[in-house]
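The values are calculated or read from the model by the stated rules, or taken from the named source; none is laboratory data. Fair warning: this is a prediction, and the values are worked out from it, not measured in the lab. Backbone-built Cβ (ideal geometry, glycine too); neighbour counts: all protein chains shown. For the accessible areas, the whole protein counts, side chains as well, though only heavy atoms, and no ligand, DNA or RNA atoms are used. Shrake-Rupley method; radii C 1.70, N 1.55, O 1.52, S 1.80 Å.
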Amino acid sequence: MLEFLTEQDYRTTPWKNGRGVTEDVLLLPQGATHENFDIRISRAPIVDESQFSPFPGIDRTITRLGENPLVLRFDDGEEVALGHLSPYRFDSASAPCSQLPGGASQVMNVMTRRGRWSARVAVVGNSDGGSMSVPPGGLLVVHAVRGECIASPGRIDAGETLIVRDVARVDIAPGRDSVCLVAAFEPETRA
């Protein structure tokens with residue numbers, strides 16, 4: 001099953017802490033909110049140096065989309081400079097503070113409720129195309145960050161998202177100078 005989302009399908013909402021706004025690309029299950037989601041994908045401009053909203057029980061993979069640097073500073077003193085288009089995973093309960101040494105930036109967040117779902121996030125460029133497995137009972141989400149991305153059997157343009165369910169493998173072929181963010185979601189088994 002395929003689902004195509006355009007920027008008109010995304011919903012802009014304030015951050016949980018009120019210090020910014022985010023654009024929800026996907027919230028699952030259907031009808032979920034920022035308080036009870038199992039899966040959330042969002043894009044957010046980071047325009048001020050401030051603390052991220054805490055989400056206890058949530059694993060977050062953040063990817064810096066913007067050209068300007070972004071540093072996350074955690075309560076224990078650790079500082080992580082996010083590489084451009086390099087996913088970084090952390091416990092979202094830790095709610096780091098952002099530092100913007102070069103001005104505003106933009107990120108994409110992939111968030112999962114621990115114990116229910118796990119996510120693997122990768123950034124694919126035109127030289128990295130190939131096949132990706134869809135976990136059994138899971139889903140694969142492809143977001144075109146820049147340019148176009150052909151993810152069999154669909155094509156998406158910059159800013160659009162393709163959600164794939166009930167398919168074993170997906171061939172991903174970004175166009176020239178294109179970048180796609182791919183997230184594979186797998187249900188976690190309970191003991």
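Summed over region 105-138, residues that are among the hydrophobic types (A, V, I, L, M, F, W, C), over 12 Å from the mean Cα position of the chain (by Cα) and at pLDDT 95 or above total 1. Tell me the residue from Arg120, Arg176, Arg155, Arg169 that is of a type outside the set (A, V, I, L, M, F, W, C) and touching a Pro at 6+ places or on another chain (Cβ under 9 Å), please. Residue meeting the stated conditions: Arg120.
Residues in region 126-144 that are surrounded by fewer than 16 Cβ atoms within 10 Å (Cβ to Cβ) and either of a type in the set (Phe, Trp, Tyr) or not in a loop (DSSP other than H, G, I, E, B) (or both): Gly130, Ser131, Ser133. Within region 157-171, being among the β-branched types (Val, Ile, Thr) and either open to solvent by less than 10 Å² (accessible area, probe 1.4 Å) or over 23 Å from Ile39 (Cβ atoms) (or both) holds for Thr161, Ile163, Val164, Val170. If you go through region 29-43 and keep only what is within 18 Å of Thr6 (Cα to Cα), modelled with pLDDT of 95 or more and not small (Gly, Ala, Ser), you end up with Arg40, Ile41, Arg43.
When you scan region 145-156, do you find a residue that is open to solvent by 40 Å² or more (accessible area, probe 1.4 Å) and under 24 Å from Ser53 (Cβ atoms), even just one? Scanning region 145-156, I find at least one residue that is open to solvent by 40 Å² or more (accessible area, probe 1.4 Å) and under 24 Å from Ser53 (Cβ atoms), so the answer is yes. In region 65-123, the qualifying residues are those that are open to solvent by 30 Å² or more (accessible area, probe 1.4 Å) and in contact with a Cys (Cβ under 8 Å, 6 or more places away or on another chain), and the one that is farthest from Ser133 (Cα to Cα) is Arg73.
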